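Structure first, then comments.
The values are calculated or read from the model by the stated rules, or taken from the named source; none is laboratory data. As the structure is a computational prediction, the values presented were derived from the model and not from experiment. Counting neighbours? That spans all protein chains shown, and the Cβs are built from the backbone with ideal geometry, glycine included. SASA here: full protein model, heavy atoms, side chains in, ligands and nucleic acids out. Shrake-Rupley method; radii C 1.70, N 1.55, O 1.52, S 1.80 Å.
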Amino acid sequence: MNDHIEYIVFGSEHYNPLGIIRSLGEAGISPIAVIVRSNRPFASKSKYIKKLHLVDSIVEGYTLIQNTYNSHNPNCKSIILTGGDDATSILDIHFDELKDGFIFQNAGKKGRITHYMDKKAINELAKEKGFDVLENVVLHKDDDIPDLEYPVITKSISSNAGGKKDVFICHDKEELTEAFSKIKSDPVLVQKYIYKKNELCLDGFSINKGRDVVITMATDYKYILEDSYSQYMNMYSYDDQKVIRILTNMLTEIGYEGIFTIEFLVDKNDNLHFLEINLRNSGWSYACTGVGMNMPVLWSDAMIKGRIASDAIKHIPEGSTAMADLDDFRVRVRGKKMNIFKWYHDFKKCTSVFYYNKMDKKPLFLLLLSRVIRIR
């Protein structure tokens, strides 16, 4: 890596940007962090941060990065790594202003990543390139509800709106009408719902306008939640060339250069149904660092050199697992699905966890402290 390059992590107080910060830190790179302020700070408390900027909004963070770190010199570019859709989108929208001074996740054209954050747009592309996509319709909340085959699941049309709170599983028209009264996003993607056996997530990165793609890790879940993803997962290597070929065709069409995750629903017959692509760093990607594939470093290095290192991909040992430990504790222990001793056994066996880190303990400690103070 080039010692003169600045690495900037841009995002929120979440374990996603924290994983980027830790990945860089463990590679000997001390990043600048631009973090949106929160009453529960923890990503911003990592010991690996060289310089911290706390901002009140994503817009303020973008402005700070542009005014402070843009050299406007194509031969001396800093690298920006984002851990959220909102941070990724604002860089994408300002592609023309940033392209000469920074290396960042991009699709070679202003607004193109943001366009494909729209679930209708990415579903259409996935279907065109060859993935199975569940039947869906986009509705405004004041539309008359057409005849649909139930059950259905509702989702925010955009990754930047609504989020998980807009997810409802509806078994008839009455339930869908009630869901519309609670949903914030407008319009809404209404998709055929099938009872899943599992989910499959593929993490990787691409360069050269999406033409060169590697899959670093596949994950599926140790337990299933009906309306969400789980917090405890199996990790393994992946080499289904048909899936990788279709994915590469999608990323080439988009022109995407960056870290990504593609998600599938797995039905009872082990068929894959496309769900979405996150054109940004995934919350799970820190697990790759734990098995020798440091994606923020590998992608940055590949962008600088114009090629992916021949030794970038490592075999993931059988039985590897990862956990969003604090969230999994909430779901399974506080949710009374298992006792704390069994949970601790799972936790101790994990290859990677996303909150606790024996070399960087302060973020989790301060997050837990903030929760105790808030309860009081």
Okay, which of the range 228-251 sit inside 18 Å, backbone N to the point 7 Å along the Cα-Cβ direction of residue 337?
-> 228-235
Ordering of 123-129, 185-191, 58-64 by packing [mean C-beta count within 10 Å, highest first] | 185-191, 58-64, 123-129
Taking every DSSP bridge whose two residues both lie in the chain, the antiparallel percent to the nearest 5 is 70 percent
222 nm mean residue ellipticity, helices alone, for the chain (DSSP H n ≥ 4; -39,500 (n - 2.57); rounded to 500) | -9000 deg cm²/dmol
Using the membrane-span-like helix rule (whole DSSP H runs, Cα extent along the own axis of at least 18 Å, mean Kyte-Doolittle hydropathy at least -1.0), which helices of the chain qualify?
-> 241-254, 362-375
Checked against a 28 Å limit on the C-alpha separation, the offending pairs among 209/242; 119/196; 120/314; 197/337; 197/362 are 120/314; 197/362
The percentage of the accessible area of the range 36-190 (probe 1.4 Å, all protein chains present) made up of carbon and sulfur atoms, to the nearest whole number, is 47 percent
Which pairs, out of 164/348; 222/268; 182/268, put more than 19 Å between their alpha-carbon atoms?
-> 164/348; 182/268
Quotient of C-alpha Rg and 2.2 N^0.38 Å, computed over the range 187-237 | 1.48
20 °C / 1.002 mPa s Stokes-Einstein diffusion coefficient of the range 137-228, Kirkwood radius on C-alpha pairs, µm²/s | 141 µm²/s
Rg (one decimal) and Dmax (whole number) from the Cα set of the range 24-134, in Å, equal 16.3, 45
Taking a point 7 angstrom from the Cα of residue 138 along the C-beta vector, which residues in the range 108-125 have backbone N less than 17 Å away?
-> 111-125
Any idea what the alpha-carbon Rg over 2.2 N^0.38 Å comes to for the range 255-376?
-> 1.30
So what is the accessible area of the chain per residue, in Å², with the probe set to 1.4 Å?
-> 46 Å²
For the range 144-301, count all C-alpha to C-alpha pairs, find those more than 19 Å apart, and express that count as a whole percent of the total.
-> 59 percent
Gain on full stretching of the segment that runs from residue 227 to residue 39 - 0.36 nm per residue minus C-alpha separation = 64.9 nm
Please state, as a whole number in µm²/s, the translational diffusion coefficient that the Stokes-Einstein equation yields for the range 230-316 at 4 °C and 1.567 mPa s, with Rh defined as the Kirkwood radius across alpha carbon pairs.
-> 89 µm²/s
Sequence ranges 138-145, 360-367, 84-91, ranked by mean other-Cβ count within 10 angstrom, highest first = 84-91, 360-367, 138-145
If R0 = 25 Å, then residue 128 and residue 93, at their Cβ-Cβ distance, give a FRET efficiency to the nearest 0.05 of 0.50
Quotient of Cα Rg and 2.2 N^0.38 Å for the chain, N being how many residues it contains | 0.97
Describe numerically, in nm with one decimal, the distance between label points set 7 Å from Cα along Cα→Cβ at residue 165 and at residue 267.
-> 3.3 nm
